[in-house]
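Scroll down for the structure; my scribbles are underneath it.
What follows draws every value from the coordinates through simple rules; no lab data is involved. As the structure is a prediction and not an experimental result, all values here were calculated from the model. Counting neighbours? That spans all protein chains shown, and the Cβs are built from the backbone with ideal geometry, glycine included.
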Amino acid sequence: MNDAVTKPKTRVRTKVERPRLYKVILVNDDFTPRDFVVMILKAEFRMTEDEAYKVMITAHKLGVCVVAVFTRDVAETKATRATDAGRAKGYPLLFTTEPEE
Ligand code: TYC
């Protein structure tokens, strides 16, 4: 058999795309105590006291603050857990997620 017949005409090229990342966003409210927000940020997002305070005070002043970015599953799980921790104490604390551009 000659080459024209046996050689494949196409090559397999594996293309690996990075998963889309999702922002976890902290939303301000008038009721959740500042210390509680900081405590949740430290516990759920492994932030230092300083990092957590900066994120909390930014949301407090501007209305929202991006906490961190994760893959979709991780972002949604953390946002839900953090929001539920507030609910458990009767606070309206809210974390949402949003895809990065
Ligand atoms: N605004 C709240 C207060 O004054 C504190 C707070 C900050 C609540 C950030 C939520 O995402 C938040 N007690």
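Structure values in brief
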| read-out | value |
| --- | --- |
| Residue 69 versus residue 9: modelled label distance in nm, points set 7 Å from Cα along the beta carbon direction | 4.2 nm |
| Lys, Arg +1 and Asp, Glu -1 on Cβ, resulting dipole of the chain about Cα centre, debye, nearest 20 | 640 debye |
| Shape parameters for the chain, alpha-carbon atoms, Rg then Dmax in Å | 22.0, 80 |
| Residue (of 68, 93, 41) at the positive-pole extreme of the range 14-99, dipole from beta-carbon charges | 68 |
| Cα→Cβ-extended label distance, 7 Å offset, between residue 84 and residue 35, nm | 2.6 nm |
| Helix 72-88 axis, angle to the chain major axis (alpha carbon atoms, nearest 10°) | 20 degrees |
| Helix-only [θ]222 nm of the chain, DSSP H runs n ≥ 4, -39500 (n - 2.57) each, per residue, nearest 500 | -14500 deg cm²/dmol |
| Extension reserve of the residue 57-residue 77 stretch, reckoned as 0.36 nm per residue once the Cα distance is removed | 4.9 nm |
| Protection-proxy order for peptides 69-79, 10-20, each taking the mean of Cβ atoms within 10 Å per residue, highest first | 69-79, 10-20 |
